[in-house]
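Student: This is the structure I want to talk about, given as structure tokens.
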Amino acid sequence: MTEETITAAAAGTWKLGDLTVNRIGFGAMRLTQNGPAFGNGIPSDRGRAISVLRRAVELGVNHIDTAAFYFSALRSANELINRALAPYPDDLVITTKVGPGRDPSGEWMWATPEQLRGQVEENLRQLGRDHLDVVNLRIPRSKATGSIAEHFGALAGLRDAGLIRHLGISNVTPEHLAEARTITPVVCVQNPYGVGAGPEAHEFLRTCGEQGVAFVPFYAIASAGRDAGASATDSEEILAVARANGATAAQVRLAWTLQQGPHVLAIPGTGNPDHLVDNVAAGALRLSADELVRLDSLHTGGG
């Protein structure tokens, strides 16, 4: 692929409520350290992380996904975003998430409904904002079933108070979405998804589209690698499609994901300036019908 003039606008746009974003965004999770996103990795180079964020905006990225719990021993993703981009461009949408939290040692906790205001205010403080554009209620894997009404209702109250503009949910089921929508509008669902996803994930993606809800996959590149990042190896099917398009396997994964529906957004994360350019350029890659079918065949095999 030729990448010199490709910007995030090539992927097209979608609306998160009343906020228009390019469908290729940026995930801040990998900005804080080298290696796995969480744990005791080597802190990232501060200057390089700031330059990646600024370059993303130069390339037309206007949707950044972050969280107060994205931090390493020396770096905070929110603080890096604030330092790199404030005063923020008028069209920049920053999405954050609450629910999980980490203490200074990195140990995880799950907020009660009453503690969500403190998490929202911490994001506001770190980002230097007077309101948050979009806040996702993140459900930990250990709480994959059961009601989210108390937590989501608490966030709806904070939205009514003017601290939040729009709400979404993350790591959820169709039942969670149905419940949340009885409380207040939901602008996005953020779930793991990518080449190799099973039929239930595809059905949920379609349901979101029918309801006008953005579907925002995470781990679209990393796939089974999850927090550790992308694997050094990939399936022959993906590599063959990549060769045919003069693209990388990661670009093929992103392009396939975006072609699952106009409501699908991508938030690939990286601390590498070259990978950033590649990820943004993937928004211009259009796979053929035959190539999509070839990648679809990986659904049962994991890809």
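The values are calculated or read from the model by the stated rules, or taken from the named source; none is laboratory data. Please read all numbers here as calculations on a predicted model, not as lab measurements. Glycine gets a Cβ as well: all are built from the backbone with ideal geometry, and neighbour counts include every protein chain shown. All accessible areas refer to the heavy atoms of the entire protein, side chains included, with ligands and DNA or RNA removed. Shrake-Rupley method; radii C 1.70, N 1.55, O 1.52, S 1.80 Å.
Student: With respect to residue 120, is the statement that it is under 19 Å from the mean Cα position of the chain (by Cα), farther than 28 Å from residue 35 by Cβ and in contact (Cβ under 8 Å) with a residue 12 or more places away in the chain true?
Tutor: For residue 120, the condition - under 19 Å from the mean Cα position of the chain (by Cα), farther than 28 Å from residue 35 by Cβ and in contact (Cβ under 8 Å) with a residue 12 or more places away in the chain - is met.
For every residue, the table says whether it meets (1) more than 15 Å from residue 126 (Cβ to Cβ); (2) in contact with a Leu (Cβ under 8 Å, 6 or more places away or on another chain).
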| position | (1), (2) |
| --- | --- |
| 42 | yes, no |
| 48 | yes, no |
| 51 | yes, no |
| 55 | yes, yes |
| 60 | yes, no |
| 63 | yes, yes |
| 69 | no, no |
| 75 | no, yes |
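Student: Between residues in region 205-218 that are open to solvent by 10 Å² or more (accessible area, probe 1.4 Å) and residues that are among the basic types (Lys, Arg), which pairs lie under 8 Å by C-beta distance while being six or more apart or on different chains?
Tutor: 211/181
Student: Can you tell me which residues in region 89-109 are in contact (Cβ under 8 Å) with a residue 40 or more places away in the chain, under 19 Å from residue 164 (Cα atoms) and open to solvent by less than 40 Å² (accessible area, probe 1.4 Å)?
Tutor: Within region 89-109, 93, 94, 95, 96, 97, 98, 99, 100 meet the criteria.
Student: Please work out which one of (1) open to solvent by less than 40 Å² (accessible area, probe 1.4 Å); (2) farther than 23 Å from residue 268 by Cα is the condition residue 131 fails and give its number.
Tutor: Against the list (1) open to solvent by less than 40 Å² (accessible area, probe 1.4 Å); (2) farther than 23 Å from residue 268 by Cα, residue 131 comes up short only on (1).
Student: Which residues, taken from region 56-74, are part of a helix (DSSP H, G or I) and out of contact with any Phe, Trp or Tyr (no Cβ under 6 Å at 6 or more places or on another chain)?
Tutor: 57, 58
Student: Give all pairs with beta carbons closer than 6 Å in which a residue from region 265-278 that is among the small types (Gly, Ala, Ser) and at pLDDT below 95 meets a residue that is open to solvent by 40 Å² or more (accessible area, probe 1.4 Å) and not in a loop (DSSP other than H, G, I, E, B); count only pairs at least 6 apart in sequence or on separate chains.
Tutor: From residues that are among the small types (Gly, Ala, Ser) and at pLDDT below 95, the pairs are 269/30; 271/30.
So that you can scan it fast, the table gives a plain yes or no per residue for (1) over 18 Å from the mean Cα position of the chain (by Cα); (2) surrounded by 19 or more Cβ atoms within 10 Å (Cβ to Cβ):
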| position | (1), (2) |
| --- | --- |
| 11 | no, yes |
| 23 | no, yes |
| 27 | no, yes |
| 32 | no, yes |
| 36 | no, no |
| 43 | yes, no |
| 46 | yes, no |
| 64 | no, yes |
| 69 | no, yes |
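Student: In addition: Which is assigned to a helix (DSSP H, G or I) and modelled with pLDDT of 90 or more, of 286, 294?
Tutor: Testing whether each residue is assigned to a helix (DSSP H, G or I) and modelled with pLDDT of 90 or more leaves just 294.
Student: Separate question: When you scan region 143-151, do you find a residue that is of a type outside the set (Lys, Arg), over 24 Å from residue 270 (Cβ atoms) and under 16 Å from the mean Cα position of the chain (by Cα), even just one?
Tutor: No, the conditions are met nowhere in region 143-151.
Student: Restricting the search to region 259-284, which residues are small (Gly, Ala, Ser), under 16 Å from residue 57 (Cα atoms) and open to solvent by 10 Å² or more (accessible area, probe 1.4 Å)?
Tutor: Result: 269, 271.
Student: Okay, next question. How many residues, within region 189-205, are outside any helix (DSSP H, G or I), among the small types (Gly, Ala, Ser) and within 19 Å of the chain's Cα centre (by Cα)?
Tutor: 3
For every residue, the table says whether it meets (1) at pLDDT 95 or above; (2) surrounded by fewer than 20 Cβ atoms within 10 Å (Cβ to Cβ); (3) among the aliphatic types (A, V, I, L, M); (4) within 28 Å of residue 71 (Cα to Cα).
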{"position": "228", "(1), (2), (3), (4)": "no, yes, yes, yes"}
{"position": "241", "(1), (2), (3), (4)": "yes, no, yes, no"}
{"position": "251", "(1), (2), (3), (4)": "yes, no, no, yes"}
{"position": "254", "(1), (2), (3), (4)": "yes, no, yes, yes"}
{"position": "257", "(1), (2), (3), (4)": "yes, no, no, yes"}
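Student: Can we say residue 117 is assigned to a helix (DSSP H, G or I) and either among the β-branched types (Val, Ile, Thr) or surrounded by fewer than 18 Cβ atoms within 10 Å (Cβ to Cβ) (or both)?
Tutor: yes
Student: I want to confirm something. Restricting to region 157-188 and keeping residues that are part of a loop (DSSP other than H, G, I, E, B) and of a type in the set (A, V, I, L, M), which single residue is surrounded by the fewest Cβ atoms within 10 Å (Cβ to Cβ)?
Tutor: This residue is 161.
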